[in-house]
Structure formats: structure tokens, C-alpha cells
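Notes follow the structure.
FYI, it's all coordinate maths here, none of it is from the lab. Since this is a predicted model, take the numbers as computed values, not measurements. As a convention, Cβ positions derive from the backbone with ideal geometry for all residues, glycine included, and neighbour counts pool all protein chains shown.
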Amino acid sequence: MSHVYCPECGYQNPEAANYCARCGALLAKEEPAAETTMTFTPEEGEEVSSVVVEEFGIKGPALVVRSGGGRAGETFHPQGDSTTIGRSPDCEIFLDDVTVSRRHAVLAERDGEFFVEDQGSLNGTFLNRRRIESAQLEDGDELQIGKYRLSFLRK
């Protein structure tokens, strides 16, 4: 079944829909170009079915998908000093969704500390629900990239 993504909120609607089921916006029927990133606004206080990370016994440093794209529980371990995150298959952390920019963010390690740096993405990078350009990550921090919510595990 084919889907139409809302240009306002990024919600996935059935192809036959003329208006978004979530926000009521008129849906454009033309297919977006593969290079286009859809806008996405995290809703304040939005409840998401979260995976309890502790159950997995994951050893950090790692990013664990808590929700988004049906990939809850998927784990990524940073490799080297710089790990790219984005919709491009060339990224070490590949998040294949229209709400994620091709080169969305970089996870960088400097002097044993981890930092996340937005790469000028359309929808921004959020750390603990605050939009950031660059920030240091602490154990248990929540990162939001497009519709994906990830937990940073340090230990």
C-alpha cells in the first residue's frame, strides 16, 4: 500500500487521503524528490511507546532507538572519532525516513567525551527535547533526529 506524507507534520497517510489525519493539512499528491527532507515537529509531551533500555544489557557507548520507524531496540555503537547520522546510506547510522536529512548530525568523540553536532538539518537535532546545534552527551540523554528518538548510553 502506498502512502502520502503530510507536508506540515510528516504523518504517513493512506494514498487515497486528501487531508492529513493528524493535523488536517491538504496533502500534496506529487511524489517528493528523493533528495527532499520532509518537515517534522516533535510534539511537546508526545507520548511514545518506549523500549526499556536496561532490559537489553547493552554496553555503551551506544545509541539505542527508543521509538520511530519500527526500529525500537536497534543499537548503534560509535566508530572512531566521528560517526555520521542521516538518511544517506553512506552514513554510519542510517535512519531511512523523510524526516531525517541526508547528513543530519555527527556524533563526535573528543577526549573521551561524546558530542552531537547538527549538520544544518531541516528538522534540527533535539537533545532532551531542546533543539541544539552542538552539545555534550551524558548517559541516558534522549536524542531526537527526525521522528527517531534515541537514548545515549555511556556505560
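For region 49-155, the share of alpha carbon pairs falling in successive 10 Å distance bins from zero is 16, 55, 28, 1 percent.
A crude spin-label estimate for the pair residue 90 and residue 2, with each label 7 Å from Cα along the Cβ direction, gives 3.0 nm.
In terms of overall dimensions, region 101-155 has a Cα radius of gyration and Dmax of 10.5, 31 angstrom.
Please work out how much length the chain gains when fully extended from residue 58 to residue 25, using 0.36 nm per residue of separation minus the C-alpha to C-alpha distance, in nm with one decimal.
Value of the extension gain: 7.8 nm.
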